[in-house]
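Notes to accompany the following structure.
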Amino acid sequence: MSSTIDHLLDEERQFAPSPEFAAQANGTADLYERAAADREGFWADQARELLHWHKPFTQVLDRSNAPFAKWFDDGELSVAYNCLDRHVEAGNGDRVALLFEGEPGDERRITYAELTREVKKAANALEGLGIGHGDRVAIYMPLIPEAVIAMLACARIGAIHSVVFGGFSADSLRSRVDDAAARVVITADGGYRKGKVSALKPAVDQALADRGNGAQETVEHVLVVKRGGNDVDWDDERDLWWHDTVDNASDEHEAPAFPAENPLYILYTSGTTGKPKGVIHTSGGYLTQAAFTNKYTLDIHPESDVFWCTADIGWVTGHTYVVYGPLALGATQVIYEGTPEFPQPGRWWDIVEKYGVSILYTAPTAIRSFMKQGRQIPQERDLSSLRLLGSVGEPINPEAWVWYRDIIGHGETPIVDTWWQTETGATMVAALPGVTATKPGSAQVPLPGILVDVVDESGQPVANGNGGLLVVTAPWPSMLRGVWGDPERFKETYWAKFAEQGYYFAGDGARKDEDGDIWLLGRVDDVMNVSGHRLSTTEIESSLVAHEATAEAAVVGAKDETTGEAVVAFVILKESYLSAHTPEGLAVQLRSWVSEQIGPIARPRDIYIVSELPKTRSGKIMRRLLRDVADGKEVGDTTTLADTAVMSVISAQVK
Ligand code: WT7
């Protein structure tokens, strides 16, 4: 009874929107009616209202090659023009686009006119390196303005960016560079994290040097922003400083238009196998839904709001709600390079106060860690500028939701819990602030124009009050268009499970409450969610068995108070290793091994050395039972195990 989920479903509080908020909100109830009356027409209207089309489209949705879909296919637009030039042409060139705060406290205010100029220079510089339409560019950077400029410069020339989170290892970077056959890597010497310079360029050097994987060398240049000032090795033929190359480039550049379905970016995300998937997003539909959700769900008023989405550009949230959504709307936003607790735990609230942030969009993990530090830290700052709060990345427990509203939102602000995924490109399920009465812990309702349901294994919608699997039942504008280089995997992963109905399978469990509101219950596949970041159990297991000591490994996501889930590994050592070494200190070694191989976010919280793993007769590891052990729970049904005694052995070894 005390499990989080039972508790979550007992939640009955509701918060109706205040009349003041509703009066100024972009969203109104009639959006639902318009969308219900003519869904495709609704999205066509949005695409025309929110974006500038160089060549207007006449077709809306083409699903003749299902499950592949095309939106606005015969239209042409420039994503960069929509995010930059048109705001300058409309007379808003002096509006601040980016309020950048570096971790050491340095500040840059960049207007739309300046940002447009910088992007034009970077576009010219990339073209000068021979990069053009369809080429892939990897971006491995700290969260500094040049990262945003680099992405938009790619968009401007029709190159496809692949941003790799700066916290990922050289190995992870290499596999992504290879998979996309990138021709350029844009990076920085280093960036600031926790008061120190964290180097990036050495990881790029390593990724491009020890290519023992037989992959063809595709990278011709590495473009390096000087940020950390740390010493870096230099390859004169390959490496270029940004300040030499971009700063000296011309600031004249006409943005060409590209077809609506031109690929905009690839973003790798973990799936159920060890190999990350390169999710492909295209231009017109993606930008439409990015702008639409930023306008209606996050209620941006570009003339007056200061928006702050705390995500890194290495994740999809940073793509859609740091770069494309806010800039398409012409909004002013904060970007902050560093960690929340540096130099003291109130840093984020100092930023909110200093810039007068009015809309804050962050993850439950961050909220829970602020809860732990106590309310006095935010309460010492003036947070009265905040008028709307958003949550994304994982289920938010009602306690954290209510704390967020009471302490950060001074007991007044609406909270929108937004459910979506790398694959969906933009928000899909969320309250419409000013319209929906919100319920702590529930993501609630599909957006206008989005069709989502909860179904049973056979694809039948469940009745209210029941649980099942979350599906999207009709194509949406910002949907992924494929998996880079692997169309079969696209079909298999997302569309095979409900092929008959043509539903998109999200991989999440969900429940409809008595009102039909949706409650997300976590992944139903071998994907974990640690601090709102997606990790694959298989990928971490492969990394563990790549260590000389390890014979077998099983990884599970255990419950964690702060990070939602935490990585817990069960490892069997090789006899040959044990005969020559003692296992002393090995767990510590293995933790850093995973961190080096994949990145610090994948580092297991606990590693248990065990002598056996629970397996079914067909040899499949029963992770569910290991999760019970990791959570300190009574171990569930073991009858399908090949050896039913194995769980008591493991439980004893873990204690
Ligand atoms: C997975 C997608 C969405 C951008 C950041 C993560 C979980 C996401 C919520 C939410 C409950 C959520 C799901 C989803 N998730 N938002 N509001 N409530 N769960 O993107 O790395 O592609 O992960 O995050 O499990 O499938 P991602």
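What lysines sit close enough to residue 497 to cross-link, taking a C-alpha to C-alpha distance under 27 Å and skipping anything fewer than 8 places away on the same chain?
70, 275, 277, 512, 615, 620
Need the list of aspartates and glutamates near residue 196 for cross-linking: C-alpha distance under 17 angstrom, and skip anything on the same chain fewer than eight residues off.
Straight-distance partners of residue 196: 101, 103, 106, 231, 337, 341.
Using a 1.4 angstrom probe on the protein heavy atoms only, could you order 266, 572 from most to least accessible area?
Working: 266 0, 572 25 Å².
If we order 266, 572 from most to least accessible, we get 572, 266.
Using the crude model of +1 on Lys and Arg Cβ and -1 on Asp and Glu Cβ, and no other charge, please compute the dipole size for region 531-654 relative to its Cα centre, in debye to 20.
About 260 debye.
Computed FRET efficiency, Cβ-Cβ of residue 92 and residue 380, R0 56 Å: what is it to the nearest 0.05?
0.95
Straight-line reach from residue 491: which aspartates and glutamates have Cα under 16 Å away, leaving out those fewer than 8 places along the same chain?
423, 500
Any idea what the relative contact order of region 531-654 is, in percent, if you count C-alpha pairs under 8 Å spaced at least 6 apart?
After rounding, I find 23 percent.
Direction-averaged shadow area of the convex hull around the Cα atoms of the chain, nm²?
28.8 nm²
Which residues' amide hydrogens lie under 5 Å from the amide hydrogen of residue 615, considering only partners 5 or more residues apart or on another chain, with H built in the peptide plane?
Placed amide hydrogens put 622, 642, 643 under 5 Å from residue 615.
Separation between the residue 49 and residue 634 pseudo-spin-labels, each 7 Å from Cα along Cα→Cβ, expressed in nm?
Going from the residue 49 label point to the residue 634 one covers 5.4 nm.
Want the number for residue 241 to residue 611: 0.36 nm per residue separation, take away the alpha-carbon distance, what's left?
Working: separation 370, 0.36 × 370 = 133.20 nm, distance 5.20 nm.
Working it through step by step, the gained length comes to 128.0 nm.
What order, most packed first, do the peptides 295-303, 501-509 have when packing is the mean number of other Cβ atoms within 10 Å of each residue?
Per-residue mean Cβ counts within 10 Å order the peptides as 295-303, 501-509.
Near the amide H of residue 609, under 5 Å away, which other amide H atoms are found, from residues 5 or more places off or on another chain, if H is placed in the peptide plane?
Residues meeting the amide H criterion: 571.
What's the magnitude of the charge dipole for region 249-340 around its Cα centre, counting Lys and Arg as +1 and Asp and Glu as -1 at the beta-carbon? Answer in Debye, nearest 20.
Using only the charged Cβ atoms, the result is roughly 540 debye.
Whole-Hz ³J(HN,Hα) for each residue in region 521-531, computed from phi via Karplus 6.51 cos²θ - 1.76 cosθ + 1.60 with θ = phi - 60°, x for glycine and proline: what do you get?
Here the 3J(HN,Hα) series is 10, x, 6, 9, 10, 8, 10, 9, 10, 10, 6 Hz.
Residue 233 to residue 457: extension gain in nm, 0.36 nm per residue of separation minus the Cα-Cα distance? Can you show the working numbers first?
Numbers: separation 224, 0.36 × 224 = 80.64 nm, distance 5.47 nm.
Here the segment from residue 233 to residue 457 would lengthen by 75.2 nm.
Could you check the simple spin-label distance between residue 254 and residue 12, using points 7 Å along Cα→Cβ, in nm with one decimal?
With each label point 7 Å from Cα toward Cβ, the separation is 6.7 nm.
Taking 0.36 nm per intervening residue step and subtracting the Cα-Cα distance, what contour gain separates residue 524 from residue 66 on full extension?
Difference between extended and current length: 162.4 nm.
With contacts defined as alpha carbon pairs under 8 Å and 6 or more residues apart, what's the relative contact order of region 345-387 in percent?
Values: 29 pairs, mean separation 28.2, N = 43.
It rounds to 66 percent for region 345-387.
Normalising by the residue count of the chain, find the relative contact order in percent from Cα pairs under 8 Å and 6+ residues apart.
Relative contact order here is 13 percent.
Mind listing the long-range amide H neighbours of residue 522? Cut-off is under 5 Å, sequence gap 5 or more, other chains count too, H placed in the peptide plane at 1.01 Å from N.
Here 509 satisfy the definition.
Through the Karplus equation 6.51 cos²θ - 1.76 cosθ + 1.60, θ set to phi - 60°, convert the phi angles of region 370-384 into ³J(HN,Hα) values in whole Hz; use x for Gly and Pro.
5, 4, 4, 6, x, 6, 4, 5, x, 5, 6, 10, 8, 9, 5
Testing the spin-label approximation: label points 7 Å from Cα along Cα→Cβ at residue 304 and residue 350. State their distance in nm.
3.0 nm
The values are calculated or read from the model by the stated rules, or taken from the named source; none is laboratory data. Since this is a predicted model, take the numbers as computed values, not measurements. Please note: Cβ atoms are built from the backbone with ideal geometry, for glycine as well, and neighbour counts cover all protein chains shown. Protein only, heavy atoms only, side chains kept; ligands, DNA and RNA dropped before computing areas. Shrake-Rupley method; radii C 1.70, N 1.55, O 1.52, S 1.80 Å.
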